[in-house]
Amino acid sequence: MSNPSEFHIAVLPGDGIGPEVMAPCQGLLDHVASKVGGFALRFETLPAGAAHYRDTGVAYPDTSRAVAASADAILLGAMGLPDVRYPDGTEISPQLDLRFDLELYAGVRPVRAVPGLNYPLADPRAKTLDFVLIRESIEGLFASRGKGTLEDNQIATDTLVITRDVSEKLFDFSFDLARRRKEKGHPGNVTCVDKANVFRSFAFFRSIFDERAALNPDLGADHAYVDATALNMVRGPWAFDVLVTENMFGDILSDLGAGLIGGMGMAPSADIGDNHAVFQPCHGTAPDIVGTGKANPTAMILSAAMMLDWLGDKHENAACNQAADLIVAAVDRAFEGGDLVPNELGGDAGTDVIFKAVYAAIEQLLAAQAAAE
Ligand code: ATP
């Protein structure tokens, strides 16, 4: 990084609707950077994904891997195509390689309801839902990726791995996040979601959680079984603040979380490690809507805002944090009137319409800010 206020962003648009939401998102990021000032983004687009594998036989080229590892942050669209598979039948998923390569142990999945939309839960509290699910992202059941066994076509096994090192870092990350949220008025509570009543691995996971909780006496800490958590995510998710869980459980619960806030196109995410981070919408490549213009870009936009916030914190660049806040506020303003309803939620707003509404909201917010100064 030559200039400390210029950030090098590795961009992996990927497959399906990935590039459809990524390209306009880069435009939006440049626009916000020029309006806010104080930082700039240098994008470098890298090939990776299922289409690249189909065309070249390589899913994630070493050059892409090296550039991604040297960038200040990584922005990812979505990867995978249903008809393109490795010879063993598994999906092309460089996004998982990235997590393992760069040790991105903390998968941050905010479950925040954007105002103005109708959500599946009828309770009025569903409209102000705001909790965060943290999915451990490099071990758990996914440690078995590519290593499962099958004996005589009779018995298959996959092994779930929990390590002290990663668990401690995961829980410390969770408590830090809860503390930052507490400063903004949230309860400051972390819930460890596990299956400690059945599995040794989860009893270990829970015992490490308790050790780290004891080091954070200013915050609340409790436990819940994953099955009860699934029930309570539907019955009363407004009671949650920060939930932390194993990789596979987090994979499943984060889709449930996305459902609570309107669908995959509304759900942003980040995978964060000690030195690197990837920001990507929770959704996949959505082959059923590719090319229709119906992809909801909100998750991509909010993931980009998470990236700016992370860069701002990491490099003490307040302008980045301001830009992140501006994007989130603009998304909220665009939807709050209730007229902008994504296709995904039964409305008629596709990718372009949603981007236009967010640009318009940015102008309104900046004008209001200028008038107030
Ligand atoms: P993966 O296995 O990669 O997570 P998937 O096939 O399970 O992918 P998605 O690709 O996320 O899941 O698609 C699930 C459903 O959600 C599909 O019907 C898809 O059209 C819809 N969907 C996903 N993302 C969006 C989006 N951004 N806008 C609108 N609909 C979306």
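Bear in mind that the values in this text are calculations on the coordinates, not laboratory data. Since we're looking at a predicted model, the values are computed, not measured. Quick reminder, even Gly has a Cβ in these numbers, built from the backbone with ideal geometry, and neighbours come from all protein chains shown.
Label-to-label distance for R145 and D313 is 2.3 nm, based on points extended 7 Å past Cα in the beta-carbon direction. Among rounded, prolate and oblate, which fits the chain when a ≥ b ≥ c are the square roots of the eigenvalues of its C-alpha gyration tensor, a/c under 1.5 means rounded, and a/b larger than b/c means prolate? Rounded is the answer for the chain, as its axis ratio a/c remains below 1.5. Peptides 235-241, 312-318 ranked from most to least packed give 235-241, 312-318, packing being the mean of other C-beta atoms within 10 angstrom over each peptide's residues. Remark on region 137-257: Rg and Dmax equal 15.6, 56 Å (Cα only).
Spin-label model, V58/E168: points 7 Å from Cα along the beta carbon direction are separated by 3.8 nm. Between R125 and S34, what's the calculated FRET efficiency when r is the beta-carbon distance and R0 is 41 Å? Round to 0.05. The computed FRET efficiency comes out at 0.60. When only alpha carbons are used to place a centre, region 56-103 and region 261-280 end up 16 Å from one another. Here the contact order of the chain, divided by its residue count and restricted to Cα pairs under 8 Å and six or more residues apart, works out to 20 percent.
Remark: relative contact order (region 55-104) = 33 percent; criterion is Cα-Cα distance under 8 angstrom and separation of 6 or more residues. For P13, what charge total do you get from the other residues with a beta carbon under 14 Å from its beta carbon, if Lys and Arg give +1 and Asp and Glu give -1? After counting each charged neighbour, the total is -3.
Hey, which of these cross-link pairs are over 20 Å Cα-Cα: K127/K184; K35/K294; K169/K314? Beyond 20 Å: K35/K294.
Listed by number, the DSSP H helices of the chain that run 15 Å or longer by alpha-carbon position along their axis and have mean Kyte hydropathy of at least -1.0 are 18-36, 200-214, 247-260, 298-315, 318-336, 351-372.
Local charge for L121 was computed over the other residues whose Cβ lies under 11 Å away, with Lys and Arg +1 and Asp and Glu -1, and equals +2. A simple spin-label model places the labels of D83 and N232 4.6 nm from each other, with each point 7 Å out along Cα-to-Cβ.
Per-peptide packing, taken as the mean over residues of other Cβ atoms within 10 Å, places 116-129, 244-257 in the sequence 244-257, 116-129 from highest down. Counting every other Cβ atom within 10 Å of each residue's Cβ, I17, I327 order from fewest to most as I327, I17.
Ordering of 190-201, 268-279 by packing is 268-279, 190-201, highest average first (other Cβ atoms within 10 Å, averaged per residue).
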